[in-house]
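**Student:** Right, I'll just put the structure down here and ask away after.
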Amino acid sequence: MAIRKIHEVGDPCLTKVCRPVTEFNDRLHELLDDMADTLEEAGGVGLAAPQVGILRRVCIVEDEQGEIIELINPEIIVETAGEQVGAEGCLSVPGKYGIVTRPMVVRVRAQDRYGTEFEVEDEELTARCFCHEIEHLDGHLFVEHIDHFLTDEELKEYLEDEE
Ligand code: ZN
């Protein structure tokens, strides 16, 4: 297990369409373990493989119970129950936040680290995170959805509203 370097906006690896995972081997497991360490160290709630320079369809999301959900070759299959509007940031865009509208509930179909298919559904922050991380796998960043980066005052207002 090791901490990997998080690539930041401007790095070409963040704009590439990632390839599907076909081999569920030790190398994948090492990547997933390293990504969990890297996420914990960085203090985020989600991380996608291209953020650590690996152009494969792999991402992890920490849910509100603090469990890490590993998503290999994930696909959003249902977005339901309205929208949520909130401040969003990214470990590859350090210190910057913007307002992004996302579906309130998201259902994802993916494979686990052994290749077994499963579905997971979550809401609010975790649903936001599913959308954000899966977008990374197609080379997209949340900044494409925002009008502007929040000022410190705007961010403070948003964080206060959420508490
Ligand atoms: Zn991100």
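**Student:** I'd like the Karplus ³J(HN,Hα) series for segment 106-115: coefficients 6.51, -1.76, 1.60, θ = phi - 60°, whole numbers in Hz, and an x wherever there's a Gly or Pro.
**Tutor:** Along segment 106-115, the couplings run 9, 10, 10, 10, 8, 10, 8, 5, 9, x Hz.
**Student:** To continue, here is another question. What distance in nm separates the simple spin-label points at GLU160 and GLU64, each placed 7 Å from Cα in the Cβ direction?
**Tutor:** 2.3 nm
**Student:** Please work out the FRET efficiency for the pair ARG113 and VAL85, using the Cβ-Cβ distance as r and a Förster radius of 30 Å; give the result to the nearest 0.05.
**Tutor:** Details: r = 34 Å, r/R0 = 1.12.
The computed FRET efficiency comes out at 0.35.
**Student:** Right, next: May I ask for the net charge around LEU55, where only other residues with Cβ less than 13 Å from the Cβ of LEU55 are counted and Lys, Arg are +1 while Asp, Glu are -1?
**Tutor:** Values: positive: LYS16, ARG19, ARG56, ARG57; negative: ASP11, ASP138.
Charge balance in the 13 Å sphere: +2.
**Student:** Here's something else I'd like to know. Residue by residue through segment 16-26, what is 3J(HN,Hα) from phi via Karplus (6.51 cos²θ - 1.76 cosθ + 1.60, θ = phi - 60°)? Round to whole Hz and write x for glycine and proline.
**Tutor:** These are the phi-based 3J(HN,Hα) values: 8, 7, 7, 8, x, 7, 10, 10, 9, 10, 4 Hz.
**Student:** Another question about this same structure. Quote the relative contact order of the chain in percent (integer), defining contacts as alpha-carbon pairs under 8 Å separated by 6+ residues. List each step's numbers first, then the result.
**Tutor:** Details: 319 pairs, mean separation 39.4, N = 163.
Reported as a whole number, the value is 24 percent.
**Student:** For VAL78, enumerate residues with amide H under 5 Å from its amide H, sequence gap 5+ or separate chain, H modeled in the peptide plane.
**Tutor:** ARG107
**Student:** Spin-label point model (7 Å from Cα, Cβ direction): what's the GLU41 to ASP138 distance in nm?
**Tutor:** Taking the two extended label points, one gets 3.1 nm.
**Student:** Measure out, as a whole number of angstrom, how far apart the alpha-carbon centroids of segment 126-163 and segment 1-57 sit.
**Tutor:** 19 Å
**Student:** Which sequence of VAL120, VAL108, VAL9 reflects their accessible areas, 1.4 Å probe, from the largest down? Intermediate values should be presented prior to the final figure.
**Tutor:** Numbers: VAL120 25, VAL108 0, VAL9 85 Å².
Of VAL120, VAL108, VAL9, the descending order of accessible area is VAL9, VAL120, VAL108.
**Student:** Quickly estimate the mean residue ellipticity at 222 nm for the chain, helices only: each DSSP H run with n ≥ 4 gives -39500 (n - 2.57), and the total goes over all residues, rounded to 500. Don't jump to the answer; show the numbers that get you there.
**Tutor:** On the way: 3 runs with 41 residues, N = 163.
Calculated at 222 nm, the ellipticity per residue is -8000 deg cm²/dmol.
**Student:** Same structure again: May I ask you to list the aspartates and glutamates whose Cα is less than 18 Å away from that of LYS5, ignoring any residue fewer than eight positions away on the same chain?
**Tutor:** GLU30, ASP33, ASP34, ASP37, GLU40, GLU41, GLU133
**Student:** Let me ask something else. Going by amide H atoms built from the backbone, whose H comes under 5 Å of the H on HIS7, apart from near neighbours?
**Tutor:** Those lying under 5 Å, H to H, from HIS7 are VAL52, GLY53.
**Student:** If you don't mind, another one. Determine the share of the chain's accessible area contributed by carbon and sulfur atoms, expressed in whole percent, with a 1.4 angstrom probe.
**Tutor:** Working: 4030 of 8850 Å².
Carbon with sulfur: 46 percent of the solvent-accessible area.
**Student:** Oh, and also: On average, how much accessible surface per residue is there in the chain, in Å², for a 1.4 Å probe, leaving out ligands, DNA and RNA?
**Tutor:** 54 Å²
**Student:** Using DSSP, restrict attention to beta bridges with both residues in the chain and report what percent are antiparallel, rounded to the nearest 5. Mind dumping the intermediate values first?
**Tutor:** Values: 29 of 30 bridges.
Looking only at bridges with both residues in the chain, the antiparallel portion is about 95 percent.
**Student:** Next question, about the same structure. Measure off 7 Å from each Cα along the Cα-to-Cβ vector at GLU8 and GLU30, then give the distance between these two points in nanometres to one decimal.
**Tutor:** Placing both labels 7 Å along Cα→Cβ, they lie 2.8 nm apart.
The values are calculated or read from the model by the stated rules, or taken from the named source; none is laboratory data. All values derive from a computational prediction rather than experimental measurement. Neighbour counts run over all protein chains shown; Cβ positions are idealised from the backbone, glycine included. Please note that ligands, DNA and RNA were not included when accessible areas were found on the heavy atoms of the full protein model with its side chains. Shrake-Rupley method; radii C 1.70, N 1.55, O 1.52, S 1.80 Å.
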